[in-house]
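Report on the following structure.
The values are calculated or read from the model by the stated rules, or taken from the named source; none is laboratory data. Computed from a predicted structure; not experimentally measured. Because the Cβ atoms are built from the backbone with ideal geometry, glycine has one as well, and the counts that use them run over all protein chains shown. Heavy atoms of the whole protein, side chains included, go into the accessibility calculation; ligands, DNA and RNA do not. Shrake-Rupley method; radii C 1.70, N 1.55, O 1.52, S 1.80 Å.
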Amino acid sequence: MSFIKDHIERATLDRRNFLFASAAGLGGLAAGGMFGPGMARAALTDPTIAWSYRNRTNPYWNEIVSGGEAFVQSLGMPADAMTHLINEGSSEKSLADVKALLAKTGGNLALAIDTNDAPNCRPVVEAVAAAGGYVSTIWNKTDDLHPRDFGDNYVSHMTWSDLKPAEETARILLEAMGGKGGVVHLGGIASNNPAIERLQGLRNALVDYPDVELLAAEPADWDTQKANQVMSAFLTRFGDEITGVHCANDTIAYGVLEALRAEGIEDMPIVSYDGNPQAVQLVAEKKILATVFTNPYWGGGISAALAYYAATGAFKPSEEPDEHREFYGPSILVTPEDAAEFKATYLDSAPDYDWTDFWGPTNGGITY
C-alpha cells in the first residue's frame with residue numbers, strides 16, 4: 001500500500017505543478033519539457049472523472065456525490081470538475097449516458113457508478129472496457145460478473161452486506177412490537193441487490209418470531225412519494241392489523257411516517273436503513289427505532305478514487321487480490337442510545353478521509 005500511496009502522491013504533485021504552470025501562462029513550456037516528459041504526459045492524459053447515480057435530491061445520493069466531489073478537490077481541482085450522469089432510476093438512460101460520455105472523451109474516462117439494477121451492470125462495464133475507460137461500481141451487479149474478468153478496466157465493485165444489518169433492525173422492530181402482531185415491508189426497486197437482501201434480513205429474523213405475521217412486502221422504489229402511496233394502501237387494506245413497519249431505506253420511511261400521520265398514528269414502530277441526517281435525527285427522537293449507516297460519503301469518494309488512480313496508472317487493479325476488487329463497504333447500526341454521538345462523529349462535519357487508503361474501512365471480500 002505504501003508503494004501505491006507514494007506513486008499517487010508523486011502523480012498528484014506533478015499534476016498540481018502543471019496546473020500552476022498553465023495558470024501562469026507556461027503551459028507550452030511545460031509541454032516542451034520544463035517539468036519533464038512524465039509531468040506533461042500525465043497532464044495531457046488526465047481522465048474525465050464522472051459519477052453516474054440516480055439523483056441528488058435523495059439525501060443518500062447527495063452524500064455519495066459529495067464524497068466524489070471531495071475526492072476531486074483533493075486533486076487540486078474544483079468540485080464542479082466532476083461530470084454528473086443522472087439517470088433518475090432508468091437503467092436505459094444510465095447506459096446511454098455512459099456510452100455518450102465514452103464517445104465524447106474517447107474512452108479517457110474514470111467512472112464511478114451505481115448501474116441502477118444488477119442486469120445493467122454488464123453492458124455498462126463492457127462498454128467502458130471496450131472503450132479503454134476505467135469503472136468502479138457500487139451496489140448492483142450480477143453474481144457472475146467479476147472485475148478480474150476485465151483486466152484493469154473494471155477496477156472494483158463495492159456493495160454492502162445488508163442481510164445482517166437488516167436482520168438486526170428487524171429484530172429491534174419485532175421486539176418493539178412485543179413479538180406479536182403484523183408487519184409490513186416497503187422495499188426498494190425489486191431487482192436491486194440491496195432491496196433483495198434487506199427483505200431477506202426481515203424474513204430471517206421472523207423465523208424466531210412465530211407470532212408475527214408478514215402481512216405484505218411491496219417495492220416502493222426507494223422513493224418517498226411511492227412509499228407514501230404504498231403505506232396508505234397498506235393501511236386501507238390491513239388497518240389495525242399493522243403493528244410494525246420495516247423500511248428498506250430512510251427515504252421510504254419518510255413517506256411511511258407521512259402516511260401514518262395522515263391517519264393520526266404517531267406511535268407505530270418503524271425501522272429504516274441508510275443513516276441519512278434526517279433519519280438519524282428521527283432516531284434520536286425515537287420516531288424511528290433504528291437505521292443503518294453505510295458511509296455513502298466515503299463510498300462515493302473512494303469509488304471515484306479507485307477508478308481515477310487506476311486510469312492514471314498509479315496502481316494496476318489486476319495485480320490486486322480479489323478482496324481488493326470486490327469488497328463490502330462499512331456499516332454502522334444507529335439506535336436512539338448512540339444517535340447523538342454518531343451524528344457528532346459522522347454527520348455534523350465530514351471526516352477528513354485519505355482517498356489513497358482504498359480499502360481501510362472496508363469489511364473484507366465479497367462472498368458468493
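General remarks:
- Test: residue in the range 350-360 that is in contact with a strand residue (DSSP E or B) (Cβ under 7 Å, 6 or more places away or on another chain) and in a helix (DSSP H, G or I): no
- Taking each residue of the range 136-159 that is farther than 23 Å from A190 by Cα and looking for partners that are open to solvent by 20 Å² or more (accessible area, probe 1.4 Å) with beta-carbon atoms closer than 6 Å, six or more apart or interchain, yields F150/A129; G151/S318; D152/K316; D152/S318; N153/A129; N153/Y134; V155/Y134.
- In the range 287-316, residue farthest from the chain's Cα centre (by Cα) [restricted to those that are among the small types (G, A, S) and open to solvent by 10 Å² or more (accessible area, probe 1.4 Å)]: G313
- Residues of the range 125-176 classified as β-branched (V, I, T), more than 30 Å from Y209 (Cβ to Cβ) and open to solvent by less than 10 Å² (accessible area, probe 1.4 Å), total: 6
- Qualifying residue in the range 263-281 (condition: under 19 Å from the mean Cα position of the chain (by Cα) and among the aromatic types (F, W, Y)): yes
- In the range 100-123, the residues that are surrounded by fewer than 19 Cβ atoms within 10 Å (Cβ to Cβ), among the charged types (D, E, K, R) and within 12 Å of V135 (Cα to Cα): R122
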